[in-house]
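*Asks:* The structure's right below; bear with me while I get my questions together.
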Amino acid sequence: MAERTKLNPLYVQVHPADTVAIIVNEGGLPAGTTLSDGLTLVESIPEAHKVALIDMVAGTPILRYGSVIGYAARDIAKGSWVHEECMRLPDPPSLDALSFCSTAQDALPPIAGYTFDGFLNEDGSVGTKNILGITTTVQCVAPTVDYAVRRIRAEILPRYPYVDDVIALTHTYGCGVAIQAPGSEIPIRTLRNLSLNPNLGGMPMVVSLGCEKLQPAQLLPASTLPVLSSDPYVVRMQDEQHQSFEQMVTAILEMAEKRLVELNRRRRTARPASDLVVGLQCGGSDAFSGVTANPAVGYASDLLVRAGATVLFSEVTEVRDAIHLLTARAANEQVAQDLIREMRWYDAYLKRGGVDRSANPTPGNKSGGLTNVVEKALGSIAKAGTSAICGVVPPGERTRQKGLLFAATPASDFICGTLQLAASMNLCVFTTGRGTPYGLAMAPVIKVASRSTLADRWHDLIDVDAGVIATGKATIEQVGEQIFQMILDVASGRKKTWADHWGLHNDLALFNPAPVT
Ligand code: CA
């Protein structure tokens, strides 16, 4: 810490054309501070906030990442604090005027020889964990399943040491919803594909109430089951054979134990890194996210793609304002059209709700120096590295495609994580600037901090400190390599994330559950 407080006044300018830069020093810098290039601050500027590098008259475009993030709402003097009140939000890029795959680059050279120790499933997917997941059709049964899971963990799981955990896939869907409403396929296929996540490697088991709208046969038709089996996979609480609550719980425990016997036979084996499905997300971003954590994750993402793995990036509202940069990276015209289709869908979705993209960023993002959604988007897409985008996964759908994919999800951490798990994510990398204790029960979550001050304060929650990039102690490439290696270690069970160490697991949250009746 002592070393860090001695840091000379420092700012980060991302692109040579930028007219604003980010203050690096912890606690910000006072008015009158002169930086090494002679720039003098005319007012105090908080850490991670923007300083004007030139004099700007009202209406001047303000550039960061070499792109326009807004327009000066009034005259701004060189050395001033550039914040929300002095910036006007630009219009989003029109979806009708985007170039198709004009700059889609040649594939990066492949890299070989990288492996991790995972659990091979019957369907060819590979788990980074060996978990029994108990699917629920409806919220009515959730407390019962939670109770049963507590009993299984205490009384049965200790006998099956090769099984990592038993979890309940609980949610608020299933009853009191218009089950055939337009869009209802999204929550239904999400629940189905969650049950088929590679980290829940065996035959699914389902707990149903009996009278709910979402029936087990609609949720998990036999044709979707990964293993051909005539074994029953549903415990239905209203069945007349159950004469008491205790008998219902016993039925759940007995079916769970059969699954545990199967799962316990499995062992980790060396698998190519191409079996990884890594979901990328950010939450509680700040102005450093796009300079440190996200570019380092982007470098790791490129390494994963080069090793043949699947990488999912997401969060529609956080890429919408950078969509022109993404369609230009589409591997072919179909991918560009799929990207535009998902943006259009989301524009209409927000319009129906009477809001627009300015509902993002959050107050925390803003105090972290992120003024608007354009600045947030330009920093956010740095997570996706430089690879060509070779596919688009609609919300709730499952994918087996390799390469860099856009999984269309909201930016909400819980909903994005849930949809990425449904897409078959087996490991998540999560960047944060403000800090979040986020974690998922179904897949490990590696958390990367954008600032060393956060990584120091939250040393037992943050797995990687990317703040060293801003202070010049490490390069983007070095931190990117560190993240890539940690992905292989965590996927192999050799290293535990802090979220798993503490058992911090956020709830599943379904997207777009349609009208409630
Ligand atoms: Ca998020």
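*Asks:* Compute the FRET efficiency between residue 58 and residue 359 as 1/(1 + (r/R0)^6), taking r as their Cβ-Cβ distance and R0 = 22 Å, and round to the nearest 0.05. Could you put the intermediate results ahead of the total?
*Replies:* On the way: r = 26 Å, r/R0 = 1.19.
It comes out at approximately 0.25.
*Asks:* Hey, another quick one. Counting Lys and Arg as +1 and Asp and Glu as -1, what is the net charge of the other residues whose Cβ lies under 15 Å from the Cβ of residue 203? Kindly include the intermediate steps, with their values, before the conclusion.
*Replies:* Details: positive: 192, 258, 259, 265, 266; negative: 122, 123, 231, 254, 257, 262.
With Lys, Arg at +1 and Asp, Glu at -1, the neighbours total -1.
*Asks:* Please enumerate, by chain and number, the lysines with C-alpha under 18 Å from the C-alpha of residue 50, excluding those fewer than 8 residues away in the same chain.
*Replies:* 78, 366, 376
*Asks:* Could you order the peptides 88-96, 126-134, 497-505 from most to least packed, using the average number of other C-beta atoms within 10 Å per residue?
*Replies:* Going by the mean number of other Cβ atoms within 10 Å, highest first, we get 126-134, 497-505, 88-96.
*Asks:* With a point put 7 Å past each Cα toward its Cβ, work out how far residue 181 is from residue 7 in nm, to one decimal.
*Replies:* For residue 181 paired with residue 7, the spin-label model returns 4.7 nm.
*Asks:* How many percent of the accessible area of the chain is carbon or sulfur, using a 1.4 Å probe?
*Replies:* Numbers: 10790 of 20230 Å².
For the chain, the apolar C and S fraction of the accessible surface comes to 53 percent.
*Asks:* Shifting gears a bit: Along Cα→Cβ, 7 Å out, is where each label goes; now give me the distance between the ones at residue 211 and residue 74 in nm to one decimal.
*Replies:* Rounded to a tenth, the inter-label distance reads 6.3 nm.
*Asks:* Further question on the same structure: Below 27 Å, Cα to Cα, which lysines can residue 129 reach? Residues fewer than 8 away in the same chain don't count.
*Replies:* Qualifying lysines at Cα under 27 Å: 258, 383, 402, 447, 495, 496.
*Asks:* Here's another thing I want to ask about it. Going by amide H atoms built from the backbone, whose H comes under 5 Å of the H on residue 115, apart from near neighbours?
*Replies:* Under 5 Å from the amide H of residue 115: 273.
*Asks:* Please report how far the C-alpha centroid of region 385-417 lies from that of region 303-381, rounded to the nearest whole angstrom.
*Replies:* 11
*Asks:* Also: Using only Cα atoms, locate the centre of region 1-63 and the centre of region 444-460, then give the distance between them in Å, rounded to an integer.
*Replies:* Each part's Cα centre sits 23 Å from the other's.
*Asks:* Is any helix in the chain, taking whole DSSP H runs, at least 18 angstrom long along its axis by alpha carbon and on average at least 0.5 on the Kyte-Doolittle scale, and which ones?
*Replies:* 476-491
*Asks:* Here is a follow-up. Leaving out same-chain residues fewer than 8 places away, which lysines sit with a Cα under 17 Å from that of residue 473?
*Replies:* Partners within reach: 6.
*Asks:* Additional query: Roughly what % of Cα-Cα distances in the chain sit above 38 Å, to the whole percent? Provide the component values of the computation, followed by the final result.
*Replies:* On the way: 39658 of 133386 pairs.
Tail of the P(r) past 38 Å holds 30 percent of the pairs.
*Asks:* Taking amide H positions as placed in the peptide plane 1.01 Å from N, state which residues far from residue 495 in sequence (5 or more) or on other chains have amide H under 5 Å from it.
*Replies:* Here 490 satisfy the definition.
*Asks:* How long, wide and thick is region 251-396, going by the Cα atoms along their three principal axes, in whole angstroms, largest first?
*Replies:* 53, 39, 34
*Asks:* Once the other residues with Cβ under 13 Å from the Cβ of residue 184 are scored (Lys, Arg +1; Asp, Glu -1), what is the net sum?
*Replies:* Around residue 184, the charge tally is +2.
*Asks:* Can you give me the distance in nm between label points at residue 254 and residue 94, each placed 7 Å from the Cα along the Cα-to-Cβ direction?
*Replies:* In this crude spin-label approximation the distance works out to 6.7 nm.
*Asks:* Residue 227 to residue 36: extension gain in nm, 0.36 nm per residue of separation minus the Cα-Cα distance? List each step's numbers first, then the result.
*Replies:* Numbers: separation 191, 0.36 × 191 = 68.76 nm, distance 6.46 nm.
Gain on stretching residue 227 to residue 36: 62.3 nm.
*Asks:* Using amide H atoms built 1.01 Å from N in the peptide plane, name the residues 5+ places from residue 234, or on other chains, whose amide H lies under 5 Å from its own.
*Replies:* Here 206 satisfy the definition.
The values are calculated or read from the model by the stated rules, or taken from the named source; none is laboratory data. Everything numeric here is computed off the predicted structure, so don't read it as measured data. Neighbour counts are summed over all protein chains in view; Cβ atoms, including those assigned to glycine, are modelled from backbone coordinates with ideal geometry. Note: accessible area is taken over every heavy atom of the protein model, side chains too, but ligands, DNA and RNA are not part of it. Shrake-Rupley method; radii C 1.70, N 1.55, O 1.52, S 1.80 Å.
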